[in-house]
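Asker: For reference, the structure I am asking about is given below.
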Amino acid sequence: MSIALLYFFLVIIGVTITGFFITKIRIWKPKRTLVFVAVYFSCGLLAFVYLMFLSGDIAKAPSKEFLQEQRIANEQLSSDLKLRKFEGLKEEHLKFTKTFEATAENIEVIRNEAGQYLPIHISWAESGENKITVSYYETPLYLNGVYITPFVEEPRIEWNDNKLYIIEADTMVTVKSVHFSSQLLNIGFPSRNDDPLYNLIGQRILHLNVPKQFNIIDKDGWY
């Protein structure tokens with residue numbers, strides 16, 4: 001809030017000073033300057049009040065330090081999962097668990113087009129049972145520094161004829177954002193679009209606990 005106020009008052013001061021020098025031009029009268037400043041000030045004040053109070057769907061963007069912590073935690077989780085270390089899968093990130101009964105040695109994973117990007121991680125269990133446990137985990141999701149988890153639908157998991165179906169819905173999220181930054185004054189400063197903190201941060205994970213006597217065939221996906 002303090003940054004926004006500072007930015008707002010700097011603009012007003014800049015306009016006022018500019019108006020003062022414009023009055024030195026013969027065709028520009030002092031009265032016009034006062035009207036110009038008053039109109040500009042009113043528009044800025046109305047916009048500021050709207051952003052502060054009238055919009056009920058405003059959320060404060062997380063800090064860069066917080067996003068960096070989330071990014072590091074997700075990178076560590078990815079590394080652990082590649083080594084089949086599943087201790088990093090936290091209960092707080094578990095969205096649902098389903099159990100299915102396998103009837104044949106080979107289990108095929110069928111995905112729709114949107115489901116091709118949901119990674120599967122498998123832990124093999126020493127069990128004489130035929131039960132396949134499917135657990136979906138989702139860490140907090142941020143895109144361009146905006147928290148988007150509430151807008152992302154969970155995948156549908158279905159089982160039929162010894163086939164595991166992963167059905168994902170296409171999701172489009174539209175967010176209006178306001179960004180105040182002194183970086184605008186730094187010529188040559190890297191664009192925030194190049195900052196990894198404004199890429200997608202977060203993970204969506206499908207964890208399968210499978211008895212060793214079964215095979216998982218996933219032609220369209222990746223582990």
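The values are calculated or read from the model by the stated rules, or taken from the named source; none is laboratory data. None of these values were measured; they are calculated from a predicted model. Note that we place each Cβ from the backbone using ideal geometry, even for glycine, and neighbour counts take in every protein chain shown. Side chains included, ligands, DNA and RNA excluded: accessible areas come from the protein's heavy atoms. Shrake-Rupley method; radii C 1.70, N 1.55, O 1.52, S 1.80 Å.
A quick yes/no check of all residues on (1) at pLDDT 90 or above; (2) over 30 Å from ASN215 (Cβ atoms); (3) open to solvent by less than 70 Å² (accessible area, probe 1.4 Å):
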residue: LEU6; (1), (2), (3): no, yes, no
residue: ILE17; (1), (2), (3): no, yes, no
residue: LEU34; (1), (2), (3): no, yes, no
residue: PHE41; (1), (2), (3): no, yes, no
residue: LEU45; (1), (2), (3): no, yes, no
residue: PHE53; (1), (2), (3): no, yes, no
residue: LEU77; (1), (2), (3): yes, no, yes
residue: LYS98; (1), (2), (3): yes, no, no
residue: ALA104; (1), (2), (3): yes, no, yes
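Asker: Inside the stretch 59-139, counting only strands (runs of 3 or more DSSP E) that do not spill past its ends, which hold 3 or more residues that are free of Cβ contacts under 8 Å to residues at least 60 places away in the same chain?
Answerer: Values: elements: 94-101, 106-111, 120-125, 131-138.
Once the strands (runs of 3 or more DSSP E) in the stretch 59-139 are filtered for at least 3 residues that are free of Cβ contacts under 8 Å to residues at least 60 places away in the same chain, what remains is 94-101.
Asker: Considering only the stretch 106-142, state which residues are within 20 Å of LEU77 (Cβ to Cβ), at pLDDT below 90 and hydroxyl-bearing (Ser, Thr, Tyr).
Answerer: TYR117
Asker: For the list (1) more than 27 Å from ALA73 (Cα to Cα); (2) at pLDDT 90 or above, I need the number of the one condition that GLY188 fails.
Answerer: Checking GLY188 against (1) more than 27 Å from ALA73 (Cα to Cα); (2) at pLDDT 90 or above, the one that fails is (2).
Asker: Here is a follow-up. Would you confirm, using the coordinates I've provided, whether GLU126 is assigned by TED's automatic domain parsing to the domain that holds GLY202 and either surrounded by 13 or more Cβ atoms within 10 Å (Cβ to Cβ) or closer than 16 Å to ARG204 by Cβ (or both)?
Answerer: Numbers: assigned by TED's automatic domain parsing to the domain that holds GLY202: yes; either surrounded by 13 or more Cβ atoms within 10 Å (Cβ to Cβ) or closer than 16 Å to ARG204 by Cβ (or both): no.
No: the conditions fail for GLU126.
Asker: With respect to GLY145, is the statement that it is open to solvent by less than 20 Å² (accessible area, probe 1.4 Å) and at pLDDT below 90 true?
Answerer: Details: open to solvent by less than 20 Å² (accessible area, probe 1.4 Å): yes; at pLDDT below 90: yes.
So GLY145 fits the description; yes.
Asker: Moving to a separate point now. Within the stretch 129-140, is there a residue that is open to solvent by 70 Å² or more (accessible area, probe 1.4 Å) and within 29 Å of the chain's Cα centre (by Cα)?
Answerer: no
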